[in-house]
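Asker: Would you mind keeping the following structure in view while I ask a few things?
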Amino acid sequence: MILTDQQILAEMERGTIVIEPYDRSCLGTNSYDVHLGRYLATYRDAVLDARKHNEIDVFEIPEEGFVLQPGVLYLGVTDEYTETHAHVPFLEGKSSVGRLGIDIHATAGKGDIGFCNTWTLEISVSMPVRVYYGMPVGQLIYFTVQGDVENFYNRKPNAKYNERTTKPVESMMWKNQF
């Protein structure tokens, strides 16, 4: 079941959903709009290696915006910091963003119960498009769960993305054993 606007507000009152900054006008019928943060990043190497730490270059989106290019993977970040303590959050792109040829995530649209951070976006475009800090980029949808939770993300000792940040975070696949 997906939470409605009234249920999202009730969960925020309970403290099981946290959105900072929060703007009531961003609350939809059953979702909350999130915005592109101040920073983007690109990988330094042309070939990425899943077993090594692939470093990124982080840069600030200028006031006049930044033109994303096809064939480049950009890591972005939401302006909003969120916490979800009792529901499964899903981040989906807004239709207006998709109609500009922008994909905001390659595979990581689902969060875990206990995820407390900004959301790193895996941005790709089908044609050049100028983006701006603060533009609406996605929407969070909250699903209810059935049953008790044993492993909250923010309490897992091996959770790779717990450190609070306002900047995009590169893949931490290299920390896995394989």
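Asker: Rounded if a/c is under 1.5, else prolate if a/b beats b/c, else oblate: with a ≥ b ≥ c from the C-alpha gyration tensor eigenvalues square-rooted, which is the range 44-140?
Answerer: Oblate is the answer for the range 44-140, as a/c is 1.5 or above yet b/c matches or exceeds a/b.
Asker: Next question. Can you list the GluC sites (Glu not before Pro) in the range 3-95 that are in a DSSP coil and have 16 or fewer other beta carbons within 10 angstrom?
Answerer: In loop regions of the range 3-95 (DSSP not H, G, I, E or B), the sparsely surrounded GluC sites (Glu not before Pro) are Glu55, Glu63, Glu64.
Asker: Sticking with this structure for a sec: Would you calculate the volume per residue, in Å³, of the smallest convex hull containing every Cα atom of the range 1-86?
Answerer: 169 Å³
Asker: Under the rule of -39500 (n - 2.57) per DSSP H run of 4 or more residues, summed and divided by the residues of the chain, what mean residue ellipticity at 222 nm is obtained, to the nearest 500 deg cm²/dmol?
Answerer: About -2000 deg cm²/dmol.
Asker: Could I ask something else about it? Please give me, ordered by residue number, the trypsin sites (Lys or Arg not before Pro) of the range 67-154 that lie in loop per DSSP and have at most 12 other Cβ atoms within 10 Å.
Answerer: Sparse-neighbourhood loop trypsin sites (Lys or Arg not before Pro): Arg99.
Asker: Moving on. Beyond 26 Å, what share of the Cα-Cα pairs of the chain is found? Please give it as a whole percent.
Answerer: For the chain, the fraction of Cα-Cα distances above 26 Å is 31 percent.
Asker: Count of lysine pairs in the chain with Cα atoms under 16 Å apart, counting only pairs 8 or more residues apart in sequence or on different chains?
Answerer: 6
Asker: Another question, then. Along the principal axes of its C-alpha atoms, what lengths does the range 67-124 span, in descending order and rounded to whole Å?
Answerer: 37, 19, 19
Asker: Taking only the alpha-carbon positions of the range 98-178 and ignoring solvent, what does the Debye formula give for the base-10 log of I(q)/I(0) at q = 0.21 Å⁻¹?
Answerer: Calculated log10 I(q)/I(0) at the listed q: -1.18.
Coordinate-derived values only; no laboratory data. Nothing here was measured: the structure is a model prediction, and the numbers come from that model. Note that we place each Cβ from the backbone using ideal geometry, even for glycine, and neighbour counts take in every protein chain shown.
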